[in-house]
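Undergrad: Quick one: this structure, given as structure tokens, is what I'll be asking you about.
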Amino acid sequence: MSSRTKLRLDGVGKRFDAAGGTVAVEDVTLEVTQGEFMVIVGPSGCGKTTLLNVLAGLDAPTTGTVSIDERPIRGPGPERGVMFQDYALFPWQTVWGNIGFGLRNGPAGDGLDAAGIERRVRATIDLVGLAGSEHKYPHQLSGGMRQRVALARLIANEPEVLLMDEPLAALDAQTRIILQEELLRIWGQDRPAAERRTVVFITHAIDEAVFLADRIAVMTSHPGRLKAVIDVPLPRPRTDATRALPETQSLAQHIWSLIRDEAYRATVT
Amino acid sequence: MSAVSHASRGLALPAARSIALPIALLVVWQIAGTAGGNPRTPVPTRVLAAAMQLVESGDLPLALLQSLGRVFAGFAIAAGLAIPLGLAMGAFASVERNVDPLIESFRPIAAIAILPLAILWLGTGTPAAILIVAYAAFFPIVVNTAAGAKRINPTLLRAAATMGLTRLKIISTVIVPGALPAIGVGLRIAMGVAWTAIVAAELAVGAKAGGGGSGGIGQMMFVFYAYSIELNRIVVCMIAVGLVALALDRALRAGMRRAMPWMSA
């Protein structure tokens, strides 16, 4: 595997002044390699989303540094695509309009003519299974369909880095399994690491984390800290058979053991 | 079964009720007005006759068209200035900081209060009337546009930023459509205000011009009031003003619905 560092978080802390000086994350150091599928898991309130926003350039860290290709991140950029937890779909755009938004209005569409954009949007719509809903507006869609639109919009822009905040959480179990495999295909699990995109993927579903990840960053809360980074040495390409492997089960058990106490505390209190 | 009959009664009754009261009021008006014995007192039958005369002679349609022309001109000027300014206020905090105090200090000054200046500068003709309409219509549009542009879901702005859109592109593709419902509300309020202002302006300009040739529905009312003392015709004008306002609002609403297909359902 190529070991070029794509994203680097070095001693990153983020404090929100508005919420009475709440510390969202503290002293997080993490490197994400080019072509790596990094999954962040942790209980709610552990600052996963804050970390993602820092990588996206939407929030500046209070302490520490964050960089992409060894250049400091000073703001959002089209090479880092974001899928937001609340989808951030434009209510005045149809499914078609939302998915093609970045291609029509941003640098993602540079070098593509109208026909090229149309082909890309069409292909992405087919990929996420939204054919037939092209002309619907977001408010006419179910939560799961909205999530697919957001996923499709991210994919259509073809960013180098995909930052995804619980992108499959609203889907039913079957669709979720299908899209997990699609996501691995889009990421490039059949290609050499140098040709893969880099993914940072937030989830609270441990089985999903194990199935997708090269490495899993486990976080704890109050304040959000990195508790462990775990290698997932499961063979690729991963398929249905991967889910049934005993290694898959034992890894999931291990990760659960790391966050179990805190998850219980958060639930009981 | 009972639910069905309930529903159908629920539909029929409000419709009957909503015309019952106006009809009762018309009847009371007719009886009370006739009882006084003064033939000049406006009552529904006389007003109807006056309306038919005014429409047949073409005087009323002409006056309405003149007023409407001024309203549209003033309204267009107001929208042309207020929408870009409101968007800039919503998109740039620095613009808002500088412009908002200015707007808020002029806003309470009624349009009719600038009439003396308008007449002095522009005379008693159409330009003065248009200026007053534009002044009146400007404020509801700018205030609503700015509020709408500021209320846009910040995640949408962030999403656009992560897709690498320029600031200008974000304004045209996120802030403008996001503010459109609020702009629509501003335009509807402004249309009502503009129509009110034109009648007031024409009344006053008509008074100043001594019933001269400035025209419009307001001036027509002034002539009926000050020269020929035709109360029935004044009432006709009042009703015409109300009906035109209603039609303008409905047309604007229909236009908004077409411009914002995502807002329906």
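Nothing in this text is a laboratory measurement; each read-out follows from the coordinates by a stated rule. A quick note: this is a predicted structure, and the numbers were derived from the prediction, not measured. As a convention, Cβ positions derive from the backbone with ideal geometry for all residues, glycine included, and neighbour counts pool all protein chains shown.
Undergrad: Only Cα pairs under 8 Å and at least 6 apart count here; give the relative contact order of the range B:99-219 as a rounded whole percent.
TA: 32 percent
Undergrad: Specify the angular offset, from 0 to 90 degrees and rounded to the nearest 10, of the alpha carbon long axis of helix B:176-209 from the longest principal axis of the alpha carbons in chain B.
TA: Tilt of helix B:176-209: around 40 degrees.
Undergrad: Counting other beta carbons within 10 Å of each Cβ, put B:Phe106, A:Phe201 in order, fewest first. Spell out each step's value before the answer.
TA: Details: B:Phe106 12, A:Phe201 25.
Ascending number of Cβ neighbours within 10 Å: B:Phe106, A:Phe201.
Undergrad: Further question: How long is the gain from B:Ala110 to B:Val95 if the chain were fully straight, where each residue apart is worth 0.36 nm and the alpha carbon distance is subtracted? Can you show the working numbers first?
TA: On the way: separation 15, 0.36 × 15 = 5.40 nm, distance 2.45 nm.
Extending this stretch completely gives an extra 3.0 nm.
Undergrad: Okay, moving on. What list do you get for B:Phe224, B:Phe75, A:Phe84 if you sort them by fewest beta carbons within 10 Å? Before the final figure, lay out the partial values.
TA: Details: B:Phe224 20, B:Phe75 27, A:Phe84 24.
Least crowded to most crowded, the residues run B:Phe224, A:Phe84, B:Phe75.
Undergrad: OK, next. Taking the Cα centre of chain B as origin, sum charge times position over the Cβ atoms of Lys and Arg (+1) and Asp and Glu (-1), and report the length of that vector in debye to the nearest 20. Show your work: numbers first, answer last.
TA: Details: 19 positive and 8 negative charges, 162 e Å.
The calculated dipole for chain B is roughly 780 debye.
Undergrad: Can I ask one more? How much net charge surrounds B:Val193 when only the other residues with a Cβ under 13 Å from the Cβ of B:Val193 are counted, with Lys and Arg +1 and Asp and Glu -1?
TA: +1
Undergrad: Next question. Does chain B classify as rounded, prolate or oblate by the C-alpha gyration tensor (a ≥ b ≥ c root eigenvalues; a/c under 1.5 gives rounded; else a/b over b/c gives prolate, otherwise oblate)? Don't skip to the answer; put the middle values down first.
TA: On the way: a/c = 3.02, a/b = 1.37, b/c = 2.20.
Taking the square roots of the gyration eigenvalues as a ≥ b ≥ c, chain B is oblate.
Undergrad: Per DSSP helix of 4 or more residues, -39500 (n - 2.57); summed, then divided by the residues of the protein assembly as shown. What does that give at 222 nm, rounded to the nearest 500?
TA: Values: 20 runs with 311 residues, N = 534.
Per the formula, -19000 deg cm²/dmol.
Undergrad: Which of the trypsin sites (Lys or Arg not before Pro) across the range A:60-124 are loop residues per DSSP, with 13 or fewer other Cβ within 10 Å? Show your work: numbers first, answer last.
TA: Details: sites: A:Arg74, A:Arg80, A:Arg104, A:Arg119, A:Arg120, A:Arg122; in loops: A:Arg74.
Sparse-neighbourhood loop trypsin sites (Lys or Arg not before Pro): A:Arg74.
Undergrad: Based only on other Cβ atoms within 10 Å, what is the fewest-to-most ordering of A:Leu258, A:Leu245, A:Leu7? It would help to have the intermediate numbers written out before the result.
TA: Details: A:Leu258 19, A:Leu245 14, A:Leu7 22.
Result, fewest neighbours first: A:Leu245, A:Leu258, A:Leu7.
Undergrad: Also, I was wondering about something else. Let me know the charge dipole size of the protein assembly as shown about its Cα centre in debye, to the nearest 20, where only the beta-carbon of Lys, Arg (+1) and Asp, Glu (-1) is charged.
TA: Numbers: 49 positive and 41 negative charges, 242 e Å.
Charge dipole of the protein assembly as shown: 1160 debye, to the nearest 20.
Undergrad: Another question, if that's okay. What is the mean number of Cβ atoms from other protein chains located within 10 Å of the Cβ atom of each residue in peptide A:87-96, rounded to a whole number?
TA: Details: counts 2, 9, 3, 9, 8, 13, 3, 2, 0, 0.
Across A:87-96, the average partner-chain Cβ count within 10 Å equals 5.
Undergrad: Let me ask something else. Tell me, in nm to one decimal, what length is gained between A:Arg243 and A:Ala194 on full extension, where the rule is 0.36 nm per residue of separation less the Cα-Cα distance?
TA: 15.1 nm
Undergrad: Roughly what % of DSSP beta bridges within the range A:117-257 run antiparallel, to the nearest 5? Walk me through the numbers before you get to the answer.
TA: Numbers: 6 of 11 bridges.
Antiparallel: roughly 55 percent of the beta bridges in the range A:117-257.
Undergrad: With unit charges on the beta carbon (Lys/Arg positive, Asp/Glu negative), name the residue among A:Phe37, B:Gly255, B:Thr126 whose Cα is farthest towards the positive pole of the charge dipole of the protein assembly as shown.
TA: Farthest along the dipole direction, towards plus: B:Thr126.
Undergrad: Oh, and also: Any idea what log10 I(q)/I(0) is at q = 0.06, 0.07, 0.12 Å⁻¹ for the protein assembly as shown, Debye with uniform C-alpha scatterers and no solvent?
TA: At q = 0.06, 0.07, 0.12 Å⁻¹ the computed log10 ratios are -0.48, -0.60, -1.10.
Undergrad: Once both axes come from the Cα atoms, what is the angle between helix B:126-150 and the longest principal axis of chain B, in degrees from 0 to 90, rounded to 10?
TA: 40 degrees
Undergrad: In addition: Would you please give the FRET efficiency between B:Leu231 and B:Lys169, computed as 1/(1 + (r/R0)^6) with r the Cβ-Cβ distance and R0 = 56 Å, to the nearest 0.05? Kindly include the intermediate steps, with their values, before the conclusion.
TA: Working: r = 59 Å, r/R0 = 1.05.
Efficiency for this residue pair is about 0.40.
Undergrad: Quick one: which residues, 5+ away or cross-chain, put their amide H under 5 Å from the amide H of A:Thr22? H built at 1.01 Å from N.
TA: Counting only residues 5 or more places away or on other chains, the set is A:Phe16.
Undergrad: Another one. Would you mind checking the range A:87-109 for residues with the amide N under 17 Å from a putative spin-label position 7 Å along Cα→C-beta of A:Asp126?
TA: It comes to A:96, A:100, nothing else.
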